[in-house]
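The values are calculated or read from the model by the stated rules, or taken from the named source; none is laboratory data. Just so it is clear, the structure is predicted and the values come from calculations on it, not from any experiment. Ideal geometry is used to build each Cβ from the backbone, glycine not excepted, and the neighbour counts take in all protein chains shown.
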Amino acid sequence: MKKSANLETIVGVFVLVGILCLSYLSIKLGKMEIVGGDSYRVYANFDSISGLKTGASVEIAGVEVGRVDRINLDEKAGFTARVALKVNSGIQLQDDVIASIRTRGIIGDKYIMLKPGGSDVILKDGDRIRETESAIDFESLISKFIHGKVD
């Protein structure tokens, strides 16, 4: 009876360690943050986000510096899309930074590219990026081309 109890205890501990290891890997590989993380949040309003999703990367010069945290409709700003960006705390963004929505390849995922500015004023947590470039709507461009309305 005692041998059976020891075996069950060892198996239980082994299963518990396995579950903890899988949880750790899931969090690390999924790039999730359990505790607030080491980042700050800035906001940007776009006329059209066309396919941008929560969790999309935020990049400067092709290097990931953050993630899209939340996307809402901002009625106060004329029904624009308000995008919350979580930027790594080591990255300082000037107040004249330009945020633009880009696509990886022809039909790839959307991400936000930041072009740093030259101002001395640094954005703080909760500030807003003023200069934005919305996503290119390929469907409307193709439609204009097909119907001969290209400028």
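Points to keep in mind about this one:
- Unique match (being part of a loop (DSSP other than H, G, I, E, B) and either out of contact with any His (no Cβ under 9 Å at 6 or more places or on another chain) or touching a residue at least 40 places away in the same chain (Cβ under 8 Å) (or both)) among ILE71, ILE107, ILE112: ILE107
- Selection count, the stretch 36-67, where residues are in contact (Cβ under 8 Å) with a residue 40 or more places away in the chain and not in a loop (DSSP other than H, G, I, E, B): 13
- Looking across the stretch 127-151 at every residue that is part of a loop (DSSP other than H, G, I, E, B) and modelled with pLDDT of 90 or more, the one that is farthest from ASP69 (Cα to Cα) is identified as ARG130.
- Looking only at the stretch 111-126, and only at residues there that are within 17 Å of GLY62 (Cα to Cα) and modelled with pLDDT of 90 or more, the one that is surrounded by the most Cβ atoms within 10 Å (Cβ to Cβ): ILE112
- Selection from the stretch 19-46 of residues that are among the acidic types (Asp, Glu) and at pLDDT 80 or above: ASP38
- Matching residues, the stretch 74-93, being over 17 Å from the mean Cα position of the chain (by Cα) and assigned to a strand (DSSP E or B): ASP74, THR80
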